[in-house]
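Presented below is the structure to which this report refers.
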Amino acid sequence: MMLKQIQLVSAATLAFGLFATPTQAASSLIIDGTLHKREGGTTFDVWKFEILGTGTFTVDVAAYEASQSNVTTPGYFTNDINGDGELTWLDADTYFYHDTGSIKTTDAIFRCDDVENNCGGDTGASNYFNDYTPETSPLTRSTHLQTETSVDGSVHFRRDPWYDVVVNTPGDYQFLIADFRLDPAEAVAGINTGDNFSAPAGGFVSPILDHADYRVTFSSTDMYISVSGDTIILTPVPEPENWAMLLAGLGFVGWRLSNQAREKSSLTFA
Ligand SMILES: [Ca+2]
Ligand SMILES: [Ca+2]
Ligand SMILES: [Ca+2]
Ligand SMILES: [Ca+2]
């Protein structure tokens, strides 16, 4: 079951902020979800991405709700991310695919598993699929660094992917989130084969092993982010000169509406 929570700025505030300082424009979207243990493996979630122009956005995953399994280990820390009173362990692994109506191995674009691990490597070229490289990929990603401080409440954030995506080619894509590792063949088959949620070695009574929660924060400074059902929509923020035209157009519409209202009221009261 997927739950969506949208952080919205009022249109008036956003328009004013953009007009005053276009480079400060910010939009973000938080999605929550739960993966489940099934016979043969674990489930994964697919979120569709409708990207309507070029730009950049950030993907920040929070999934681990405890820093480690043993409450007696120094540095033990928890964060009940979704506030459901449970602590679960999901070693999130994420992918972008083309969206051609289903999941095919030939649609896979790239993988990002952790912060600075399986998300670019030294050359930035690893974990791209189908012969894509950072130079040719329709979406290019670069991982944030372990030296950076978590900004989304990740307690084991090295294991929670955190990366920036450059949209080189707008289009329809799919964002897949899974536990540990979801090979393209497993994605096609619809089950993360042989997978278990990271079972704690000790310290927890009755650990939760049949499901695990995640939260992903998408943010952008040059694109609006919205969600409709399981489709996330990214729309480029208009350039400042286009804003002037847009606002002029809105002014014209407002003038027409007020004129119409005046005409209507004069008809009503004539
Ligand atoms: Ca994170
Ligand atoms: Ca929880
Ligand atoms: Ca991971
Ligand atoms: Ca697997």
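Summary table below
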{"item": "The stretch 141-156: number of residues that are away from ligand 2 (no atom under 16 Å from the Cβ) and either in a loop (DSSP other than H, G, I, E, B) or crowded, with 20+ Cβ neighbours inside 10 Å (or both)", "result": "10"}
{"item": "Counted residues, the stretch 57-71 - those being farther than 18 Å from Asp113 by Cβ and under 9 Å from the mean Cα position of the chain (by Cα)", "result": "1"}
{"item": "Members of the stretch 85-117 found to be without any contact (Cβ under 8 Å) to a residue 24 or more places away in the chain and within 18 Å of Asp213 (Cβ to Cβ), listed by number", "result": "Gly85"}
{"item": "Test: residue in the stretch 172-184 that is among the small types (Gly, Ala, Ser) and open to solvent by 20 Å² or more (accessible area, probe 1.4 Å)", "result": "no"}
{"item": "Whichever residue in the stretch 185-213 is in a strand (DSSP E or B) and open to solvent by less than 70 Å² (accessible area, probe 1.4 Å) and, among such residues, is farthest from Val71 (Cα to Cα)", "result": "Asn192"}
{"item": "Positions within the stretch 157-171 being acidic (Asp, Glu) and open to solvent by 10 Å² or more (accessible area, probe 1.4 Å), in sequence order", "result": "Asp164"}
{"item": "Residue check, Glu135 open to solvent by 50 Å² or more (accessible area, probe 1.4 Å), under 18 Å from the mean Cα position of the chain (by Cα), in the same structural domain as Phe218 (by TED's automatic domain parsing) and charged (D, E, K, R)", "result": "no"}
{"item": "Residue in the stretch 74-89 that is more than 25 Å from Asn192 (Cα to Cα) and assigned to a strand (DSSP E or B) present", "result": "yes"}
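This table checks each residue for (1) among the aromatic types (Phe, Trp, Tyr); (2) at pLDDT 90 or above; (3) within 21 Å of Thr221 (Cα to Cα); (4) within 16 Å of ligand 2 (Cβ to nearest atom).
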| position | (1), (2), (3), (4) |
| --- | --- |
| Thr42 | no, yes, no, no |
| Ile51 | no, yes, yes, no |
| Ala62 | no, yes, yes, yes |
| Ser67 | no, no, no, yes |
| Thr73 | no, no, no, no |
| Asp80 | no, yes, no, yes |
| Asp84 | no, yes, no, yes |
| Thr88 | no, yes, no, yes |
| Asp91 | no, yes, no, yes |
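The values are calculated or read from the model by the stated rules, or taken from the named source; none is laboratory data. Predicted, not measured: the structure shown is a model, and the values here were computed from it. As a convention, Cβ positions derive from the backbone with ideal geometry for all residues, glycine included, and neighbour counts pool all protein chains shown. Just so you know, the surface numbers come from the protein's heavy atoms only, side chains and all, with ligands and any DNA or RNA stripped out. Shrake-Rupley method; radii C 1.70, N 1.55, O 1.52, S 1.80 Å.
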